[in-house]
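I have placed the structure first, in the form of C-alpha cells, so that the comments after it can refer back to it.
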Amino acid sequence: MVNSNLITHYIPLRAKIKYHDFAITTRSRTVDHFVETKEEIIALSHELLIQPEPPIKAVRLLGITLSNLNIDIEKKNKKNGDSTQLTFNF
C-alpha cells in the first residue's frame, strides 16, 4: 500500500569539469532528498568528480549546479516572475 501523504523530491546535481586544455565534460547524479548542508554539497561534488573515474587531466574549473531547491524565496520569486542568485556561506 502506498502512503498518499508521502512526497519524494528528486534533486539533480550536475558537475561541469573544465580541463587545462579547455576540454569540458559533465557528470550528473540525482538524490532523493533535499540537500541541506555545505558538507553534503561538498561530499556529493567530490563523488561526481571522482566517479566513474577521477579526471586523468588537470582540472582548471569545477562548476556544481543543484536544482529543485526547497527554498521559500524561490517560490515567491517565481510567482512574481523574478529570479534570485542564491549564495552559500562557505
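Every number in this text was worked out from the coordinates using simple rules, so none of it is lab data. Keep in mind it's a predicted model, so treat the numbers as computed, not measured. Cβ coordinates were reconstructed from backbone atoms using ideal geometry, including for glycine residues, and neighbour counts include every protein chain displayed.
Roughly what would the spin-label model give for Leu62 and His46, points 7 Å off Cα along C-beta, in nm?
0.9
Rank these for me by crowding, Glu53, Glu36, Glu47, going from fewest to most other beta carbons within 10 Å.
Fewest-to-most Cβ neighbours within 10 Å comes out as Glu53, Glu36, Glu47.
List, in order, the whole-Hz ³J(HN,Hα) value for each residue of region 31-43 obtained from phi through the Karplus relation with A = 6.51, B = -1.76, C = 1.60 and θ = phi - 60°; use x for Gly and Pro.
Working through the residues one at a time gives 10, 9, 8, 6, 8, 10, 10, 5, 4, 5, 4, 5, 5 Hz.
Give me the number: length gained by fully extending Tyr19 to Asp32, i.e. 0.36 nm times residue separation minus the C-alpha to C-alpha distance, one decimal in nm.
Full extension of this stretch gives 1.7 nm more.
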